[in-house]
Amino acid sequence: TFATYASRLLIQYDQAVSLWWNDEVNANSLLSEDARRNKLGRMFGCLSMSVQLAVNQFVNQQGSSTKQQYEKLAKLFLEKYGNSQDGKRQIGILFATLPGSDQPTSVLQQLATTTIGRSVLSSPPPSPPRMLTDDLSALLPSNYKCAQIKGTKIFTIYPLISQFEVGVDEEFGQTATATAFGPLSSTPLKREKPEYTPDIYALFGFCGATGCALTHTVVIPLDVVKTRAQTDPKLMTGGMLRGAASIVDKEGIDGLFLGAQATIAGYFWYGLSVYPSYTFFKRFLGLTLLPPEVAMVHVNDVALVAGALAAVIASLGLTPLEACRIRAVAEPDFYRPMGLLGTASTISVEDPSLGWKTLYAGFFPLLTRQVIFGSVKFLAFEQACESIFKLWPALQDATWTTLAVSLVAGGISGTLSCVVSQPADSVLTYVAQNSSDN
């Protein structure tokens, strides 16, 4: 009973489960009424068994009693789905379906809105509302509440309903248990784990390289103004627009495109390396290295670590190109005529004892910047997308609205990651400009 009502609650309140269920409903919409009912019944039963297995795994962890684990589970449900009064009411109803010895007492005492006498329990409870039979995603209406039985620490659903569980040989075409809130199958949901072949990673790299090179090309003038502000603060005392105007007055419009070769090459490499790497590390950590239950709980940590590891790989190729870009912007009269290869060659011979390693003088500041930037960017992007889709689920129905959400989330994550990585960016510019001074 707990698993089947939890499945209904997840369909209503969990974004991912809701999307999956709606897809199933739409995919079977053209079937006859009986065929559609059987198909959806099988899928709901399998979902309920998946929930049952997950709950069993959660509450049977060593070191805590079953009751304590249900207390933790109830708090997790409240944190994620208890943002509204009706959400709290439904969570109270859900955990009131548990046996009295397992009920999360402290949580239910906060959620219970009424008390009932023991005499009420003497009457046979009626069957669940018809609406639950007709719609497997429906929840109990607003007149049903979590109630505490007077003189006890036990809770129940009020008005009372029959919470039967009957084993049947064939229900919706498979062995199942019929419960008050729907079928519980003998088998959980199954799906093939998506395999990312090399051509998929190559596509990530191509799209990332194209996107990063294009966007960084567009903002090269802003990058030039920013670097000048870091290398010559007195020149930029009038603000960004005055600084840009000053560069144009002294060096012409070309002055706003200094270091373009290094910028395009550097961020072509960045996009080529960071997006396939992030995808690989996220899948490796979440699907291979960590158990599924750990990965699900620590999904944000997985995203942060994957972003950091991807940033390390990207920094290996980006560091020398950033050094060339900063030199070209800071000292254009000397480095601009040399071009990208000439600038790299000149930097590499500045310190004979280091040779080409001079190009990596700014590696650790850049690595710090990129790890902060990459980790925050990927995490903030995913959280922003999830939050927007949670507020407006209909935005997922069309490709153009999904892309619009990605654009907005990218703006939010990019702004946040730039702010937190700015100190390391200033250190990188200083080191790259003065690497010849060791």
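The values are calculated or read from the model by the stated rules, or taken from the named source; none is laboratory data. Predicted model only: the values in this text are computed from it and were never measured. Because the Cβ atoms are built from the backbone with ideal geometry, glycine has one as well, and the counts that use them run over all protein chains shown. Each accessible area value is taken on the protein alone, full model and side chains, heavy atoms only, with ligands, DNA and RNA left out. Shrake-Rupley method; radii C 1.70, N 1.55, O 1.52, S 1.80 Å.
The table that follows gives values for the structure above.
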read-out: Hits in the range 225-242 (condition: under 19 Å from residue 430 (Cα atoms) and at pLDDT below 85); value: 226, 227, 228, 229, 230, 231, 232, 233, 234, 235, 236, 237
read-out: Checking residue 75 against (1) more than 25 Å from residue 391 (Cβ to Cβ); (2) at pLDDT 90 or above, the condition it does not meet; value: (1)
read-out: Per-region count, the range 101-120, residues more than 32 Å from the chain's Cα centre (by Cα) and among the aliphatic types (A, V, I, L, M); value: 3
read-out: Residue check for residue 99: open to solvent by 50 Å² or more (accessible area, probe 1.4 Å), within 20 Å of residue 182 (Cα to Cα) and not hydroxyl-bearing (Ser, Thr, Tyr); value: yes
read-out: Matching residues, the range 224-247, being charged (D, E, K, R) and open to solvent by less than 30 Å² (accessible area, probe 1.4 Å); value: 228
read-out: Whichever residue in the range 121-141 is more than 20 Å from residue 13 (Cβ to Cβ) and not in a helix (DSSP H, G or I) and, among such residues, is nearest to the chain's Cα centre (by Cα); value: 127
read-out: Residue 215, sole failed condition from (1) open to solvent by 50 Å² or more (accessible area, probe 1.4 Å); (2) among the polar types (S, T, N, Q); (3) over 34 Å from the mean Cα position of the chain (by Cα); value: (3)
read-out: Meets criteria (surrounded by 14 or more Cβ atoms within 10 Å (Cβ to Cβ) and at pLDDT 90 or above) for residue 85; value: no
read-out: Leading residue by the ranking (nearest to residue 428 (Cα to Cα)) among those in the range 369-392 that are basic (Lys, Arg) and open to solvent by less than 30 Å² (accessible area, probe 1.4 Å); value: 369
read-out: In the range 81-96, the residues that are part of a helix (DSSP H, G or I) and not small (Gly, Ala, Ser); value: 81, 85, 86, 88, 89, 90, 91, 93, 94, 95
read-out: Residue within the range 373-380 that is farther than 30 Å from residue 13 by Cβ, out of contact with any Phe, Trp or Tyr (no Cβ under 9 Å at 6 or more places or on another chain) and either at pLDDT 85 or above or not acidic (Asp, Glu) (or both) present; value: yes
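Matching residues to (1) open to solvent by less than 30 Å² (accessible area, probe 1.4 Å); (2) over 14 Å from residue 296 (Cβ atoms); (3) among the basic types (Lys, Arg):
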residue: 60; (1), (2), (3): no, yes, no
residue: 64; (1), (2), (3): no, yes, no
residue: 73; (1), (2), (3): yes, no, no
residue: 76; (1), (2), (3): no, no, no
residue: 79; (1), (2), (3): no, yes, no
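A quick yes/no check of all residues on (1) under 18 Å from residue 139 (Cα atoms); (2) among the hydrophobic types (A, V, I, L, M, F, W, C); (3) free of Cβ contacts under 8 Å to residues at least 40 places away in the same chain:
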| position | (1), (2), (3) |
| --- | --- |
| 18 | yes, no, no |
| 24 | no, no, yes |
| 32 | no, no, yes |
| 35 | no, yes, yes |
| 47 | yes, yes, no |
| 60 | no, no, yes |
